[in-house]
Amino acid sequence: MNRKILASVEASSLKSEVPSFEIGDTVDVHTRILEGEKERVQIFNGVVIAKSGAGSREMFTVRRIVAGEGVERKFPIHSPKIAKIEVKRSGVARRAKLYYLRDRAGKSTRLREKRDDVAVAAGKPAGKTAAKGKKAAAAT
């Protein structure tokens, strides 16, 4: 009973269009900032290293390097302060949380880019299983 009530209350604060992004993606987060009476948009770009929560409490953490120092910010997905989220690059992540990037510096923080759609468009087999199938067919 309580969950139904909470769900109905939370439904009013949820955004209708939530951008789809994964952990490991490089994103630009456009945040609205109020300075006195003026409002401006500031962009925070970096790699999504974590997602947590559900419903109106859903958050994501973005990490970037500024002047050789790592900076992380947590953003609520459904916040009215978030103007938009742009996915600049999709990275391959084999973990749910990329906290290991905190210990790394330089080129070792780079993630491989997802290239599945390029391989399919070029007509090449995607993945190792297709290559194994060709070897097995050639052997017989």
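Among the residues of the range 106-114, are any modelled with pLDDT of 80 or more, touching a helix residue (DSSP H, G or I) at 6+ places or on another chain (Cβ under 7 Å) and part of a helix (DSSP H, G or I)? Scanning the range 106-114, I find no residue that is modelled with pLDDT of 80 or more, touching a helix residue (DSSP H, G or I) at 6+ places or on another chain (Cβ under 7 Å) and part of a helix (DSSP H, G or I), so the answer is no. The strands (runs of 3 or more DSSP E) found wholly in the range 1-88 and carrying at least 3 residues that are closer than 25 Å to Arg115 by Cα and touching a Leu at 6+ places or on another chain (Cβ under 8 Å) occupy 38-52. Quick check on Arg102: is it over 30 Å from Arg3 (Cβ atoms) and assigned to a strand (DSSP E or B)? No. When you go through Lys81, Lys114 one by one, which is the residue that is surrounded by 11 or more Cβ atoms within 10 Å (Cβ to Cβ), basic (Lys, Arg) and in contact (Cβ under 8 Å) with a residue 40 or more places away in the chain? After ruling out the rest, the residue left standing is Lys81. Any residue in the range 9-18 that is under 13 Å from the mean Cα position of the chain (by Cα) and surrounded by 10 or more Cβ atoms within 10 Å (Cβ to Cβ)? For the range 9-18, residues under 13 Å from the mean Cα position of the chain (by Cα) and surrounded by 10 or more Cβ atoms within 10 Å (Cβ to Cβ): present. Picking from Ala93, Ala119, which residue would you name as being over 30 Å from Glu10 (Cα atoms) and either at pLDDT 90 or above or assigned to a loop (DSSP other than H, G, I, E, B) (or both)? The match here is Ala93.
The values are calculated or read from the model by the stated rules, or taken from the named source; none is laboratory data. Everything numeric in this text was worked out from a predicted model, so none of it was measured. Here the Cβ is made from the backbone with ideal geometry for all residues, glycine too, and neighbour counts use every protein chain on show.
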